[in-house]
1. Can you work out the base-10 log of I(q)/I(0) for the range 4-205 at q = 0.15, 0.18, 0.19 1/Å, using the Debye formula on its C-alpha atoms alone?
2. How big is the equivalent ellipsoid of the range 155-201 along its three axes, where each semi-axis is √(5λ) from the Cα gyration tensor, reported in whole Å from largest to smallest?
3. Straight distance only, please: which lysines reach the Cα of K305 with their own Cα at less than 23 Å, same-chain residues fewer than 8 apart left out?
4. DSSP loop GluC sites (Glu not before Pro) in the range 157-246 with at most 14 other Cβ atoms within 10 Å of their Cβ, which ones?
5. Show the residues, 5+ positions off or on another chain, whose built amide H is closer than 5 Å to the amide H of F129.
6. Is the shape of the range 105-240 best called rounded, prolate or oblate, per the rule: a/c under 1.5 gives rounded, else a/b larger than b/c gives prolate, else oblate, with a ≥ b ≥ c the square roots of the Cα gyration tensor eigenvalues?
7. Can you give me the Cα centroid spacing of the range 512-530 and the range 443-499 in angstrom?
8. Sum -39500 (n - 2.57) across every DSSP H segment of at least 4 residues in the chain, then divide by the residue count to get the 222 nm mean residue ellipticity, nearest 500.
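The values are calculated or read from the model by the stated rules, or taken from the named source; none is laboratory data. Note that this is a predicted model, so its numbers are computed, not measured. Every residue, glycine as well, gets a Cβ built from its backbone with ideal geometry; the counts of neighbours run over all protein chains shown. Each accessible area value is taken on the protein alone, full model and side chains, heavy atoms only, with ligands, DNA and RNA left out. Shrake-Rupley method; radii C 1.70, N 1.55, O 1.52, S 1.80 Å.
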Amino acid sequence: MTNRLKVLVGGVQLRDGVGTVVDLLGRIATRAGLHVLANERNYASTIYGAHQFDPILICEEPPLSHGDDQVDILVALEFDSNPDAPQQPNRDTILRHGAHLRDGGVLLYDASTGTVPTQALEARGIRVFPLPARQIALRELRREVVKNMVVTGALFRLLEFDMDQRYLRALLEERFARRGQDLVDLNLQAALRGRAIVEEVLRERGWGDVGYRLEPRPGGEPLLFLSGTDALGLGAIQAGCRFYAGYPITPASPLLEFMDRYLPVYGGRSLQGQNERESIRAALGASLAGARAMVGSSGPGISLKVEEFGLAGAAEIPMVVVDSQRAGPSTGMPTKTEQADLRMAVGAGHGEIPRIVLAPSTLEECYTLIMEAFHLADKYQCPVFFLTDLTLAEVRKSVPQRLFQETRVRITREGVLTEEEVQRDGFRRFRLTDSGISPRIFPGTPGAVFKVSGTEHDELGFVTTDPPKRQAMMEKRMRKMETYLREDARGPQVYGDPVGRPVLVGWGSTKPVLLEARERLRAEGLEVAVVQITHLWPFPTRLVKPVLEPATMLIVCEQNYSGQLADLIQERCLLPTRRILKYNGRVFYVSDIVRGVHRIVRHGAAEVRVAEALPVAVEAHEGE
């Protein structure tokens, strides 16, 4: 198998360097012209000691999705012995993921504390490579930290990849240039030692190869290895964002780190508030002062900001709100994915305000759609919610560099009056207009009074409880949403012909899986279409209903318990839906969708709740 394989790396969180190995593999494969997708990172919210795993898919062409949970190569980095474990040494990665390793696949594990029984795996044709990586790093190279480079060298040899170390050397020289050539040479030596162990096993077992190989494809278009958060941050800066405020919370913290690093380069500022509410209040202030501002958090933090959403709506303050969703409620599962904040984004808060809700479905849309979010926030002077989730925030992928070179926006500050316009026409901040959009100014504009009020007000911004003025102002604000639906709302993305066949409906990070499920169902003789909704509120009924109505059935696939998009479709389009739901913290796999569709189409199920088998019991002890 050449240039089509899935590797799962597992080990002890914050100790074994799972992310380091995957990052090295992903970056180097991308530089070699291959397409990489790492979309299933799984880690715990504990500080240290829990099991972590990170699958990575490498292909000749861009993969549709991460596929299923089966892997071709399993890399187990644990090295410690646990006297209480039923198997010695304790091997979480092998125990948890061995069943997902394909027959004829490869197991590479750290054998520093001894070999483990692998007869059951070998009976399935799996080729096993014990590698004393930590032992080599400690005893031979005198630097434990390079044990992952030993593993990386072994993995590259298994794949017959980068045998001259050209790609690895270039990356190491970039990363460690300031720390000296000795460190680069040490890492290269570690990789060579890993390679030598693999070659020794190959000779002993009489294996010519392991059945998998990576071949560079140089000369193609330049690729970048980015995360969804990177793409979102790049898009925000391109859209003119110059102030970002946040508070550390998984999985939104990387966005705060990205903006803190790069905003100052473009004349912007970031702020880590003392709490969630301070963050959004600072962003509101920055927006009032004239900066394009964004605030980000996850479910618990978004909940704390609800009162300020009302202020942004009533005072008509532009604001982009990024919600990197995670499993709730309450603290929930901070490091697991979910799509359960749609109803909160659509309706959170007392009273009613104009708001817009967008949801990207791919890393590329994290970049392009956030630009649109800033334009809409400026134009309609209201909060725009941008719903990602842990899967989208943390996906790492090879992306064509041209996406960021060709996709630019011209920044226009709609509705902002100049000094000349104020002197000519006067200024009423909340002037009643047919579109609902009132003129605004930045503080210090000569000839105008800058006034802001979250209390009900008249056209000039003065507090009022007069019933006709209240009614007129409320209707003015909400007319903005009618204007949005008329001028800026977008219909769904449609793949295939929805007429006379089942339609899979999704939002957010489910799209790639739905598209691959569509291909698999077609191969089985069942034609379905896929409809992806990115503009979720105000719900564009006139654009969505004509697409969905001709289908024989609507199967809404989402990662929450109740089916929040399905409810919204039934409410706004008056169309019945069936549902495939998953809410255990794991991503949708293609097989989840395919099995669910068969149960609905062939057996008449109205709802399928995806479940997984109980996990393998693994002993875990504090401090081990």
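1. At q = 0.15, 0.18, 0.19 Å⁻¹ the computed log10 ratios are -0.93, -1.38, -1.53.
2. 22, 11, 6
3. Straight-distance partners of K305: K336, K379, K451, K480.
4. Listed in order of number, the matching sites are E160.
5. HN-HN under 5 Å from F129: L107, L108, Y109.
6. It is prolate, given that a/c is not under 1.5 and a/b is the larger ratio.
7. 41 Å
8. -11000 deg cm²/dmol
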